[in-house]
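K.L.:
If you scroll down you'll find the structure; I have some questions about it.
The values are calculated or read from the model by the stated rules, or taken from the named source; none is laboratory data. Note that the structure is predicted; figures quoted are calculated from it, not measured. Glycine also receives a Cβ, built like all others from the backbone with ideal geometry; neighbour counts cover every protein chain displayed. For accessibility, only protein heavy atoms count, side chains too; no ligands or nucleic acids. Shrake-Rupley method; radii C 1.70, N 1.55, O 1.52, S 1.80 Å.
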Amino acid sequence: MKLTFIEEPDLEFGNGSRHIDPRSGINNYGPADLSTTGVRTIQIGIVGTKEAIDGVKAWLDRCREPIAPKESPLSHLYLPFPGFHTSVGFRSTIIWNGRLERTLDKRALENIATLSPLQAVQKGVELYEAELRTLDEEPNCDVIIVCRPDDLPEREEPKTDPDRPWEQPKAASIGFDFHELLKARSLSGSRPIQIIRRETWDPTYKPKGRDRRRQQDEATKAWNLHTALYYKAGGVPWRMTRHVQDLTTCYVGVAFYRSTDNETLQTSVAQVFNERGAGLQRAWRRSSTSAATA
């Protein structure tokens, strides 16, 4: 066996400083756009039940202050979260505005949960999509947090294959889930969304009919969510190191996937940027080709 060790590339942070780790770089030097177009405030819209909205806001308020890392001998993998305010870390802060909060009726979501998985996901997405359209018309909204429904069936009941009765019954997929469908529908709007599960902000939550999902430690969750919010608000947390002459290459992110009926091959373009990390485009282009000819 022949192994090749690839060195970690340097990343660029505030004022051209460099580090190999995104979290250490942001903590020590600030985001890459600190001295130029950095996002100093992020105005958040939020959609969910009143309980969920209050819970998410309380958790994000807690994240304004430092959060200790997970205790581990691998200390370089678990860093403390410095807090999310203008004097440390991302050098940014989150702002709430009551006009940007859209409260959903808890009973309506409970009724949706009684439907078949296909109907439940479709109805749930329609309910949230209506509120996203409303927020899309509001000024000064940078990112919308979507509090995902607590209990929403997304897979059919497990069924035994009559030809293979010895195998463990598997739950059949309906071809998509709430997250995927809402993300796709939200592309028609101008506001990026961030979907969050209750397990993220509520350590006491116990889902119905399944075990609680395995969770990251609090500091890691705070790092991941706030990095996403900063980026989706238009910020640049970090970028590859660059030189003045490095403008000769264009990077394009392309995805290929088949439709659920396996009849078409679909493609999408999500990112386009140069070697300097500039000119980033959030685009979505889609084309279909017959699977038989692809």
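K.L.:
For the range 139-171, what are the residues that are touching a strand residue (DSSP E or B) at 6+ places or on another chain (Cβ under 8 Å) and modelled with pLDDT of 90 or more?
P.N.:
Hits for the range 139-171 are C141, D142, V143, I144, I145, V146, C147, R148.
K.L.:
Right, something else. Looking only at the range 5-14, decide whether some residue is among the aromatic types (F, W, Y) and surrounded by fewer than 19 Cβ atoms within 10 Å (Cβ to Cβ).
P.N.:
Start the filter on the range 5-14 by keeping residues that are among the aromatic types (F, W, Y), which leaves 5, 13.
Checking the rest, the ones that are also surrounded by fewer than 19 Cβ atoms within 10 Å (Cβ to Cβ) come to 5.
Yes, the range 5-14 contains a residue that is among the aromatic types (F, W, Y) and surrounded by fewer than 19 Cβ atoms within 10 Å (Cβ to Cβ).
K.L.:
Within the group L34, L3, L60, L79, which residue is of a type in the set (A, V, I, L, M), within 20 Å of A222 (Cβ to Cβ) and more than 22 Å from the chain's Cα centre (by Cα)?
P.N.:
None of the other options fit; the residue is L34.
K.L.:
A follow-up question, please. Looking only at the range 172-192, filter to residues that are in contact with a Lys or Arg (Cβ under 7 Å, 6 or more places away or on another chain) and not in a loop (DSSP other than H, G, I, E, B); which one of those is modelled with the lowest pLDDT?
P.N.:
Here the residue is S173.
One line per residue, one yes/no per condition, for (1) modelled with pLDDT of 95 or more; (2) closer than 24 Å to E131 by Cβ; (3) aliphatic (A, V, I, L, M):
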| site | (1), (2), (3) |
| --- | --- |
| I6 | no, no, yes |
| D10 | no, no, no |
| G14 | no, no, no |
| Y29 | yes, no, no |
| S35 | no, no, no |
| R40 | no, no, no |
| I46 | yes, yes, yes |
| G55 | yes, yes, no |
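K.L.:
Report, ordered by the first and then the second residue, all pairs with beta carbons closer than 8 Å, sequence separation of six or more or different chains, a first member in the range 101-116 that is open to solvent by less than 90 Å² (accessible area, probe 1.4 Å), and a second member that is basic (K, R).
P.N.:
T103/K50; I112/K123; L115/K123
K.L.:
For the range 63-74: of the residues being in a loop (DSSP other than H, G, I, E, B) and in contact (Cβ under 8 Å) with a residue 40 or more places away in the chain, which is surrounded by the fewest Cβ atoms within 10 Å (Cβ to Cβ)?
P.N.:
Per the criteria, the residue is A68.
K.L.:
Quick test for you: out of A219, A233, A228, pick the one residue that is open to solvent by less than 50 Å² (accessible area, probe 1.4 Å), in contact with a Pro (Cβ under 6 Å, 6 or more places away or on another chain) and modelled with pLDDT of 80 or more. Give the steps one after another, and end with the answer.
P.N.:
Numbers: A233 fails: in contact with a Pro (Cβ under 6 Å, 6 or more places away or on another chain); A228 fails: in contact with a Pro (Cβ under 6 Å, 6 or more places away or on another chain).
Result: A219 is the single residue among A219, A233, A228 that is open to solvent by less than 50 Å² (accessible area, probe 1.4 Å), in contact with a Pro (Cβ under 6 Å, 6 or more places away or on another chain) and modelled with pLDDT of 80 or more.
K.L.:
Considering only the range 236-256, how many residues are modelled with pLDDT under 85 and either touching a Ser or Thr at 6+ places or on another chain (Cβ under 7 Å) or not aliphatic (A, V, I, L, M) (or both)?
P.N.:
The number of residues fulfilling the criteria is 13.
For every residue, the table says whether it meets (1) free of Cβ contacts under 8 Å to residues at least 40 places away in the same chain; (2) assigned to a loop (DSSP other than H, G, I, E, B); (3) under 22 Å from R102 (Cα atoms).
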{"residue": "I6", "(1), (2), (3)": "yes, yes, no"}
{"residue": "S24", "(1), (2), (3)": "no, no, no"}
{"residue": "L34", "(1), (2), (3)": "no, yes, no"}
{"residue": "G38", "(1), (2), (3)": "no, yes, no"}
{"residue": "V47", "(1), (2), (3)": "no, no, yes"}
{"residue": "A52", "(1), (2), (3)": "no, no, yes"}
{"residue": "D61", "(1), (2), (3)": "yes, no, yes"}
{"residue": "H76", "(1), (2), (3)": "no, yes, no"}
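K.L.:
Taking the condition open to solvent by 50 Å² or more (accessible area, probe 1.4 Å), within 28 Å of S186 (Cβ to Cβ) and either among the β-branched types (V, I, T) or modelled with pLDDT under 95 (or both), does N97 pass?
P.N.:
It is true that N97 is open to solvent by 50 Å² or more (accessible area, probe 1.4 Å), within 28 Å of S186 (Cβ to Cβ) and either among the β-branched types (V, I, T) or modelled with pLDDT under 95 (or both).
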